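The next block holds one structure in the form of structure tokens; read it before the comments.
The values are calculated or read from the model by the stated rules, or taken from the named source; none is laboratory data. Source: prediction; values computed, not measured. Cβ placement follows ideal geometry from the backbone for every residue including glycine, while neighbour counts extend to all protein chains displayed.
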């Protein structure tokens, strides 16, 4: 544990940011998995789950949690899956 006050504050800030970022990534992954599962099962609400998943990917991209290529790749895969 750091002794300097600013380092202590930085540790606290980093822990908060880590928790927030982890939650955001988890939410994105969950949205993608829900879409995949619904598509596999042949559910009727795949279009709305697709929109939610793409929105989650875009949000993660805008916050810098994932890179642009990963976002594009994920969205492309989901779009191809939706079209099938």
**Prompt:** Would you say residue 42 is on the phi > 0 side of the Ramachandran plot and under 13 Å from the mean Cα position of the chain (by Cα)?
**Reply:** no
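Taking segment 31-46, which residues are assigned to a loop (DSSP other than H, G, I, E, B) and touching a helix residue (DSSP H, G or I) at 6+ places or on another chain (Cβ under 9 Å)? Give the derivation first.
Residues of segment 31-46 assigned to a loop (DSSP other than H, G, I, E, B): 42-45.
Within segment 31-46, 43, 44, 45 qualify.
Let me confirm something: among 65, 25, 49, 82, which residue is in contact with a helix residue (DSSP H, G or I) (Cβ under 7 Å, 6 or more places away or on another chain) and without any contact (Cβ under 8 Å) to a residue 24 or more places away in the chain?
49
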**Prompt:** Does residue 46 satisfy being over 21 Å from residue 59 (Cβ atoms) and surrounded by 10 or more Cβ atoms within 10 Å (Cβ to Cβ)?
**Reply:** no
**Complete:** Among (1) touching a helix residue (DSSP H, G or I) at 6+ places or on another chain (Cβ under 8 Å); (2) modelled with pLDDT of 95 or more, residue 1 falls short only on (2)
**Complete:** Inside segment 3-36, the number of residues satisfying the requirement of being exposed (fewer than 12 other Cβ atoms within 10 Å of the Cβ) and within 16 Å of residue 83 (Cα to Cα) is 0
